[in-house]
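One structure is given below, encoded as structure tokens.
Read-outs throughout are calculated quantities, based only on the coordinates presented, and are distinct from any laboratory measurement. As the structure is a prediction and not an experimental result, all values here were calculated from the model. Don't worry about glycine lacking a Cβ; one is built from the backbone with ideal geometry, like all the others, and counts go over all protein chains shown.
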Amino acid sequence: MPFIDVTIAQGRSPEAIRALIHELHEAAHRALDASPGSIRVVVREVPTTHWAAGDLTIAERHAHDQEVR
């Protein structure tokens with residue numbers, strides 16, 4: 001039973017998340033020949049204030065980008 005666990009930054013529409021789930025499900029089915037009913041997909045959304053790279057959160061980076069414009 002494939003278990004796909006994806007973490008993304010919060011802020012995408014329910015439709016975009018649903019599309020991601022569908023595409024991941026289809027990819028596992030094609031690549032692994034897994035039974036569709038056995039495939040599990042979990043999407044975790046992390047607030048942009050809780051995800052950082054280079055000591056800047058995504059929220060800080062977005063705020064900085066808005067200031068520069």
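Quick notes on this one:
- Residues of segment 30-61 that turn out to be of a type in the set (Ser, Thr, Tyr) and not in a helix (DSSP H, G or I), as a count: 2
- When segment 35-46 is limited to residues that are out of contact with any His (no Cβ under 9 Å at 6 or more places or on another chain) and of a type in the set (Gly, Ala, Ser), the one that is surrounded by the fewest Cβ atoms within 10 Å (Cβ to Cβ) turns out to be Gly37.
- One residue stands out among those in segment 3-29 that are of a type in the set (Gly, Ala, Ser) and part of a loop (DSSP other than H, G, I, E, B): the one that is surrounded by the most Cβ atoms within 10 Å (Cβ to Cβ), which is Gly11.
- Only residues that are under 24 Å from Met1 (Cα atoms) and in contact (Cβ under 8 Å) with a residue 12 or more places away in the chain were counted in segment 11-46, giving 16.
- If the condition is being of a type outside the set (Asp, Glu) and over 14 Å from Thr7 (Cα atoms), then segment 47-57 contributes Thr49, Ala53, Gly54, Leu56, Thr57.
- Top-ranked residue in segment 47-69 [being touching a residue at least 24 places away in the same chain (Cβ under 8 Å) and surrounded by 13 or more Cβ atoms within 10 Å (Cβ to Cβ); ranked as nearest to Ala9 (Cα to Cα)]: Thr48
- Flag if Leu32 is surrounded by 13 or more Cβ atoms within 10 Å (Cβ to Cβ) and more than 23 Å from His62 (Cα to Cα): no
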